[in-house]
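This report concerns only the one structure given below.
Taken together, the values in this text are just the output of simple stated rules run on the coordinates, not laboratory data. Bear in mind that the values here come from a model prediction, so they are computed numbers and not experimental data. When we count neighbours, we look across all protein chains shown, and the Cβ atoms used for this are built from the backbone with ideal geometry, even at glycine.
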């Protein structure tokens, strides 16, 4: 459970840092339009911080952490989420700078973002399988 809370805290710190970066970077540039940088903060808070806090609650009275499916979830999820956020940065910084990615670069970013979404999807399926398999020890 401590590992999940530490991960949650790490994602919260990253979310705050991304929010500050987005705000200050666009303010310095005088950019007022939409950019994907705004989504880094939200994605890290919801998909990182909140998810791991909820999972920590599941682990209080279960053997969830010891299940193979949960371990697979942890690996895939903690690879997929950072890659997704990095791709939001790779797309958002040029948007704020009013530059255009080449067609090849844009396709590469979309491809990597797609792979990260696939990793997250597989990870979430593994998480639900693990939650269903977990044995819960409830006190009466």
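Counting alpha carbon pairs within less than 8 Å and at least 6 residues apart, what relative contact order, in whole percent, applies to the chain?
Details: 148 pairs, mean separation 43.9, N = 140.
The value is 31 percent.
Quick one: 60, 122, fewest Cβ neighbours within 10 Å first, how do they rank? Intermediate values should be presented prior to the final figure.
Numbers: 60 10, 122 15.
So the ranking, lowest neighbour count to highest, is 60, 122.
By count of other Cβ within 10 Å, fewest leading, how are 53, 37, 47, 42 ordered?
On the way: 53 16, 37 22, 47 19, 42 13.
Final ranking by Cβ density, sparse to dense: 42, 53, 47, 37.
Calculate how steeply helix 68-96 sits against the longest principal axis of the alpha-carbon atoms of the chain, using the helix alpha-carbon long axis, and give the answer as 0 to 90 degrees to the nearest 10.
Around 10 degrees separate the two axes.
Between residue 29 and residue 112, what is the label-point separation in nm under the 7 Å Cα-to-beta-carbon projection?
That separation, rounded to one decimal, is 1.7 nm.
Pop a pseudo-label 7 angstrom from the Cα along the beta-carbon direction at both residue 75 and residue 93 and give the gap in nm to one decimal.
3.0
Just rank 128, 70, 45, fewest to most, by other beta-carbon atoms within 10 angstrom.
Fewest-to-most ranking of 128, 70, 45: 128, 45, 70.
What FRET efficiency would be calculated for the residue pair residue 16, residue 124, taking the C-beta separation as r and a Förster radius of 30 Å, to the nearest 0.05?
Numbers: r = 24 Å, r/R0 = 0.81.
Given R0 = 30 Å and the Cβ-Cβ separation, E is 0.80.
Can you figure out the FRET efficiency of residue 86 with residue 1, using R₀ = 41 Å and their beta-carbon distance, to the nearest 0.05? Walk me through the intermediate numbers first.
On the way: r = 28 Å, r/R0 = 0.69.
With a Förster radius of 41 Å, E is 0.90.
Need one word for the stretch 2-133: rounded, prolate or oblate. Basis is the Cα gyration tensor (sqrt eigenvalues a ≥ b ≥ c); a/c below 1.5 gives rounded, then a/b vs b/c decides.
It is oblate, given that a/c is not under 1.5 and a/b is not larger than b/c.
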